[in-house]
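> Take a look at this one; I'll ask things after.
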Amino acid sequence: MNAGVGETKKQKKGKGRQKASNRTRSIYSCVVSSSAHESSPSPDEVSIVEKVKRENEDMAGRYVFKMFCGERIIGLVTGYDNETSKFKIVYEDCNNDLIDKEILLRTLAPPTLIDWMFDSYRMPRLLCILQQKVLDDEEQEGRLGFVFIENDGVDEHMIWLIELKNLFSRHLPHVPKEYIVRRVLDLNHKSVMVIRRNQDVVGGIIYRPFLSQGFVEIAFFAVMANELIKGCGTRLMNHLKQHARDMEGVTHLLTCADSNVVDYFLKQGFTKEITLEKDRWQVFNELYYQGEPFDLPCNRYIKVYDGGILMGCELHPKLPYSYTTTMTSHQRQGHAIIERIREASNSENIVYPGIDFQKEEAGIPSCPIKVEDIPGLKEAGWTPDQYGHSRFKTENDSADTASNQESITAFMRSLLKQIYDHPDAWPFKDRLILIMRPATMM
């Protein structure tokens, strides 16, 4: 019995140690599992972080302002710094700054201020160039895309068309939704869209090409407000112009614009005077039927509605519309002109030494200098047959002769007579009369 009791105590001690070890293992496994859970965030946390990152990236291209010494200074958001978690700002006075998101949201420039600065030509050129560079970077990185699609039955295209229909319904509340659906899904109409990260439709144009008539009709046009401020509307219209000219083979764009968007179309090169021949788009029935106000059968090609203004744009046959803004910004900086000069120049920016000659006391060279001896002149493309070309020539070029002196005198007299008889020489012939006027009291 004693032996049995002693064995029972040993067994109890072994079981106690085993429980303690099991408890230690369980605690360790809980710690490991909790640390592993902390190191690998949930899908919801990943989606939130990705959403915040996208929002910060989409702030690039927005205008901000600050007050300095009572004056408003405009700036542009050029990017997001992940290290400092702040936004990069470039102001019109060429000063750079980093600000957090809270300050950025408080200092965003309102659309009315941006429109006023563009309309009054007061938007700094530096910011316009930087904004186009931001859009170029977004297109190259794939964060911004322009796609041309139609109702072809592809699932992805149909989803984008439905999103575009919803966008038009929000931005065009006065247009019936049924009419928008018919135009978006019509097999004769096509679409060009602005796609963010190959997912979100942030703008688009519905158009119908009339290839036999040589023009394209723009039915609907809408861009989200935050994207319109960045210049996506202008770039979207330029892509349509490039595609319509190169792929559709048309020469004109026509649209019936609302009164509140006439100024925008004027900025895009549209005019109220249609340069296309009237027999290619003219109304063939002058009677306006009393029917649906958004589908009047009074015009053979253009859809006419009440309050609309017919506008047109003639497409240039050689202008690269897709990168017009980038090209003009490059030209404004002067790089394009300098590069063209370097391409046409044969000197390769070589600086030649000056002419070394001895002068007499009066400053006249002691010996004549030949033109072909000027350093760098032959390398620039000069040839000896170009020497001596002039509108006025003497009959005899020999020196120190009486005939040469007479010819020079006759030449100088004829030259003086031509100057005297010139109609712009009157200030040198008539005496100027000075009239003293009394100073006026302010």
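The values are calculated or read from the model by the stated rules, or taken from the named source; none is laboratory data. What you see is a predicted model, and the numbers here were worked out from it, not measured in a lab. Here the Cβ is made from the backbone with ideal geometry for all residues, glycine too, and neighbour counts use every protein chain on show. When the accessible area is computed, the model is the full protein with side chains, heavy atoms only, and any ligands, DNA or RNA have been set aside. Shrake-Rupley method; radii C 1.70, N 1.55, O 1.52, S 1.80 Å.
> So is Thr271 over 27 Å from Gly75 (Cα atoms), in contact (Cβ under 8 Å) with a residue 60 or more places away in the chain, β-branched (Val, Ile, Thr) and open to solvent by 40 Å² or more (accessible area, probe 1.4 Å) or not?
no
> Additional query: Kindly indicate which of Val184, Val202 is crowded, with 18+ Cβ neighbours inside 10 Å and not in a helix (DSSP H, G or I).
Being crowded, with 18+ Cβ neighbours inside 10 Å and not in a helix (DSSP H, G or I) holds for just one of Val184, Val202, which is Val202.
> From the residues in the range 55-75 that are part of a strand (DSSP E or B) and within 23 Å of the chain's Cα centre (by Cα), which one is surrounded by the fewest Cβ atoms within 10 Å (Cβ to Cβ)?
Ranking the candidates gives Ile73 first.
Yes or no, residue by residue, for (1) closer than 19 Å to Thr324 by Cα; (2) β-branched (Val, Ile, Thr); (3) crowded, with 16+ Cβ neighbours inside 10 Å; (4) over 21 Å from the mean Cα position of the chain (by Cα):
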| position | (1), (2), (3), (4) |
| --- | --- |
| Arg245 | yes, no, yes, no |
| His252 | yes, no, yes, yes |
| Asn260 | no, no, no, yes |
| Asp263 | no, no, no, no |
| Asp279 | no, no, no, yes |
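> Among the candidates Ser212, Ser191, which residue alone is among the hydroxyl-bearing types (Ser, Thr, Tyr) and surrounded by fewer than 19 Cβ atoms within 10 Å (Cβ to Cβ)?
Ser212 is the lone residue from the list that is among the hydroxyl-bearing types (Ser, Thr, Tyr) and surrounded by fewer than 19 Cβ atoms within 10 Å (Cβ to Cβ).
Rundown of residues vs (1) open to solvent by less than 70 Å² (accessible area, probe 1.4 Å); (2) at pLDDT below 60; (3) over 30 Å from Leu127 (Cα atoms), yes/no style:
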{"position": "Thr328", "(1), (2), (3)": "yes, no, no"}
{"position": "Arg332", "(1), (2), (3)": "no, no, no"}
{"position": "Val371", "(1), (2), (3)": "yes, no, yes"}
{"position": "Trp382", "(1), (2), (3)": "yes, no, yes"}
{"position": "Asn396", "(1), (2), (3)": "yes, yes, yes"}
{"position": "Met412", "(1), (2), (3)": "no, no, yes"}
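> Which is polar (S, T, N, Q), within 24 Å of the chain's Cα centre (by Cα), at pLDDT 80 or above and open to solvent by 40 Å² or more (accessible area, probe 1.4 Å), of Thr78, Thr84, Thr107?
Thr78
> Test Val223 against the criterion of being in contact (Cβ under 8 Å) with a residue 60 or more places away in the chain and among the hydrophobic types (A, V, I, L, M, F, W, C), and give yes or no.
Considered against the rule, which asks whether it is in contact (Cβ under 8 Å) with a residue 60 or more places away in the chain and among the hydrophobic types (A, V, I, L, M, F, W, C), Val223 comes out as no.
> A further question on this structure: Working only within the range 125-149, note down all residues that are farther than 30 Å from Cys94 by Cβ and either β-branched (Val, Ile, Thr) or surrounded by fewer than 17 Cβ atoms within 10 Å (Cβ to Cβ) (or both).
Once the filter is applied, which keeps residues that are farther than 30 Å from Cys94 by Cβ and either β-branched (Val, Ile, Thr) or surrounded by fewer than 17 Cβ atoms within 10 Å (Cβ to Cβ) (or both), the range 125-149 yields Gly142, Gly145, Val147, Phe148, Ile149.
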